[in-house]
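Below is one structure; the comments refer to it alone.
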Amino acid sequence: MSDKILLGSRKGTIMIERIHGQWRPRPIAHAGIPVCYAACDPRDGTLWASLDHGHWGPKLSRSRDDGATWEDITSLKYPKGARYIVKYLPTPDFDPSAPSGEPEYADAAVFKIWNIAFGNANQPGRLYAGTIPGGLFVSDDGGDSWELNRPLWNHPSRGGDLFAGDAKTTNQWHGTPASIDYGVFEPGIHSIVVDPNNQHHLYVAVSTAGVIESQDGGLTWAPRNQGMLNDYMPNPETEWSHDPHFVTHCAGQPEHMWQQNHFGIFYSDNAAKHWKRVSAPDQGVHFGFPIAVDKSDGRTAWVVPAHSDAERMSIDGGLFVARTSDGGQSWQRFRTGLPQAHAYDIVLRHALDASGDVVCFGSTSGNAYISEDRGETWQCLGNNFPPIYSVRFG
Amino acid sequence: MPKVEMTQHLYRFFPQLKNQTINVPAGSVAEALSAINLLAPGFTDYVLDDHGALRRHVNLSINSNIIMDKKNLSDRIPEDATVYIFQSLSGG
């Protein structure tokens with residue numbers, strides 16, 4: 001169980017520590033700078049924050065002294081020649097027949113470093129970062145230098161090798177409204193899952209494309225969306241076009257994988273070979289963004305449900321957390337300690353985490369809550385934080 | 001030599017530039033930014049994108065004229081000019 005929590009927020013990085021049984025926030029770091037993700041590398045304690053500078057470009061920031069000092073890392077960049085096929089937000093006035101019908105290409109530049117993941121214990125220095133517009137970057141020197149994973153970037157699902165020439169296949173990666181703030185509509189890698197038992201075994205999840213697996217350390221990639229349902233598609237069981245909001249696994253039983261998807265909660269007990277929808281819409285346990293899984297019991301997971309994509313906020317003004325301990329066959333809803341009137345929070349995809357019996361989440365309304373009894377009762381950590389984008393135990 | 005003025009926001013990341021008179025050789029905007037980058041390594045990563053183009057929310061003017069070529073930064077800076085680097089106003 002961890003005694004440290006990192007919040008990534010609209011106005012900086014906030015560390016909350018448990019001291020003599022009380023959770024206390026430290027003064028904010030990166031003051032005034034949007035931080036879309038912050039986490040602690042469990043291998044060496046290095047703190048990481050993804051800075052979302054509006055003007056000066058996305059940057060990683062690293063602290064090797066527990067937050068006393070931070071250094072910006074500017075080496076995560078797309079290589080020359082990295083292109084992708086442009087997608088447009090399907091707004092009501094968008095006319096899909098207006099363009100020529102030929103793919104339109106753009107040179108890739110980093111819009112957002114959306115997720116940071118850490119390699120196995122036997123891979124010191126290995127880090128991963130997922131970006132908008134859909135790049136997986138890898139570092140083997142603790143983040144000093146980064147390289148784009150080209151097999152995924154050049155995957156047939158993105159049109160093939162656009163370094164070499166124009167598209168040979170149909171692009172299956174679509175945009176995500178999460179990037180609209182930036183005036184763009186591009187795909188994003190928001191989830192990176194590393195098998196703790198096999199360093200060559202990775203998953204990424206893309207909004208909007210789906211889950212993609214590599215079993216050879218990133219040399220080849222294949223979709224893992226069997227059983228997934230996209231209710232908006234003519235064929236909901238499409239191979240692509242899925243919108244996982246967040247994908248994770250059980251560290252102790254990594255074949256147990258979970259995703260909070262746009263179209264419900266999905267669970268796999270066979271390493272994403274097949275997914276099953278396990279949400280309970282009649283209980284309001286269906287739509288949402290984040291999901292957390294118990295570190296040792298792969299059948300136990302938590303979600304913070306929200307009203308459908310029509311509203312994207314807590315249901316009927318009351319905030320609750322739902323937990324399953326049987327692989328999603330049943331859900332329990334917990335409300336004690338959470339506001340049950342006039343609450344309009346939304347908890348974003350990286351803003352829920354669990355560590356042992358402790359569960360924590362934060363909302364874009366600046367509220368953060370913690371439970372020390374596996375989500376059953378809650379106490380407030382603060383109501384006046386900036387909008388919270390990520391919550392991770394350190 | 002041309003003079004450079006910049007938003008104080010950039011001093012947060014490059015405190016060595018604060019309260020300094022910054023002069024660069026007359027030439028292209030690209031050459032001027034390279035000269036600043038020698039004074040403050042990493043400076044161009046904040047004002048230019050992955051491909052060396054001016055970031056979308058950064059403005060750069062020669063005297064009162066916003067530069068035309070934001071991709072290759074080829075606008076010429078006269079000997080007696082002042083270059084201004086500032087952020088687009090946005091957000092709340």
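Numbers at a glance
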| quantity | calculated |
| --- | --- |
| Matching entry among A:Lys87, A:Lys80 (being charged (D, E, K, R), in a loop (DSSP other than H, G, I, E, B), closer than 24 Å to A:Leu152 by Cβ and within 11 Å of another protein chain (Cβ to nearest Cβ)) | A:Lys80 |
| Qualifying positions in the stretch A:346-374 - surrounded by 23 or more Cβ atoms within 10 Å (Cβ to Cβ) and outside any strand (DSSP E or B) | A:Val347, A:Leu348, A:Arg349, A:Ala351, A:Ser363 |
| Condition met for A:His190 (within 27 Å of A:Trp302 (Cβ to Cβ) and touching a residue at least 60 places away in the same chain (Cβ under 8 Å)) | yes |
| Residue within the stretch A:295-309 that is in a strand (DSSP E or B), of a type in the set (Ser, Thr, Tyr) and in contact with a Ser or Thr (Cβ under 9 Å, 6 or more places away or on another chain) present | no |
| Selection count where residues are part of a loop (DSSP other than H, G, I, E, B) and surrounded by 22 or more Cβ atoms within 10 Å (Cβ to Cβ), scope the stretch A:187-211 | 1 |
| Answer residue from the stretch A:253-262, given it is touching a residue at least 40 places away in the same chain (Cβ under 8 Å) and assigned to a strand (DSSP E or B) and is farthest from A:Gly298 (Cα to Cα) among those | A:Gln260 |
| Number of positions in the stretch A:56-77 that are among the hydroxyl-bearing types (Ser, Thr, Tyr), touching a residue at least 12 places away in the same chain (Cβ under 8 Å) and either within 14 Å of chain B (Cβ to nearest Cβ) or out of contact with any strand residue (DSSP E or B) (no Cβ under 7 Å at 6 or more places or on another chain) (or both) | 3 |
| Filter result for A:Lys11 (within 14 Å of chain B (Cβ to nearest Cβ), of a type in the set (Lys, Arg), crowded, with 18+ Cβ neighbours inside 10 Å and under 23 Å from the mean Cα position of the chain (by Cα)) | no |
| Residues within the stretch A:254-290 that are buried (at least 19 other Cβ atoms within 10 Å of the Cβ), polar (S, T, N, Q) and more than 15 Å from A:Glu213 (Cβ to Cβ), tallied | 3 |
| Test: residue in the stretch A:316-329 that is within 20 Å of the chain's Cα centre (by Cα) and not in a strand (DSSP E or B) | no |
| Yes/no for B:Tyr11 being away from every other protein chain (no Cβ under 12 Å), surrounded by 14 or more Cβ atoms within 10 Å (Cβ to Cβ) and closer than 20 Å to A:Thr74 by Cβ | yes |
| Of all residues making up the stretch B:14-39, the number that are away from chain A (no Cβ under 14 Å) and more than 26 Å from A:Ala109 (Cβ to Cβ) | 9 |
| Selected residue (criterion: farthest from A:Ala117 (Cα to Cα)) from residues of the stretch A:34-55 that are surrounded by 22 or more Cβ atoms within 10 Å (Cβ to Cβ) and within 11 Å of chain B (Cβ to nearest Cβ) | A:Pro34 |
| Residue that is farthest from B:Met1 (Cα to Cα) [pool: residues in the stretch B:71-83 that are surrounded by fewer than 18 Cβ atoms within 10 Å (Cβ to Cβ) and either under 12 Å from the mean Cα position of the chain (by Cα) or among the charged types (D, E, K, R) (or both)] | B:Lys71 |
| Members of the stretch A:17-33 found to be part of a loop (DSSP other than H, G, I, E, B), surrounded by 13 or more Cβ atoms within 10 Å (Cβ to Cβ) and within 14 Å of another protein chain (Cβ to nearest Cβ), listed by number | A:His30, A:Ile33 |
| Those residues of the stretch A:124-150 which are farther than 19 Å from A:Val86 by Cα, outside any strand (DSSP E or B) and either within 14 Å of the chain's Cα centre (by Cα) or modelled with pLDDT of 95 or more (or both), in sequence order | A:Gly125, A:Arg126, A:Asp140, A:Asp141, A:Gly142, A:Gly143, A:Asp144, A:Ser145, A:Trp146, A:Asn149 |
| Members of the stretch A:219-252 found to be touching a Leu at 6+ places or on another chain (Cβ under 6 Å) and either surrounded by fewer than 19 Cβ atoms within 10 Å (Cβ to Cβ) or not in a loop (DSSP other than H, G, I, E, B) (or both), listed by number | A:Pro236 |
| A:Pro339 buried (at least 22 other Cβ atoms within 10 Å of the Cβ) and free of Cβ contacts under 8 Å to residues at least 40 places away in the same chain | no |
| Qualifying residue in the stretch A:87-104 (condition: at pLDDT 90 or above and surrounded by 14 or more Cβ atoms within 10 Å (Cβ to Cβ)) | no |
| Matching option when the condition is modelled with pLDDT under 95 and either more than 25 Å from A:Pro290 (Cβ to Cβ) or of a type in the set (Gly, Ala, Ser) (or both), among A:Gly159, A:Gly218, A:Gly183 | A:Gly183 |
| Boolean, B:Phe86 is within 14 Å of another protein chain (Cβ to nearest Cβ), surrounded by 20 or more Cβ atoms within 10 Å (Cβ to Cβ) and of a type in the set (Phe, Trp, Tyr) | no |
| Residue match in the stretch B:40-61 (condition: part of a helix (DSSP H, G or I), within 11 Å of another protein chain (Cβ to nearest Cβ) and acidic (Asp, Glu)) | yes |
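The values are calculated or read from the model by the stated rules, or taken from the named source; none is laboratory data. Here the structure is a predicted model, which is why all the values come from computation and not from measurement. All Cβ positions, even for glycine, are placed from backbone atoms using ideal geometry, and neighbour counts span all protein chains on display.
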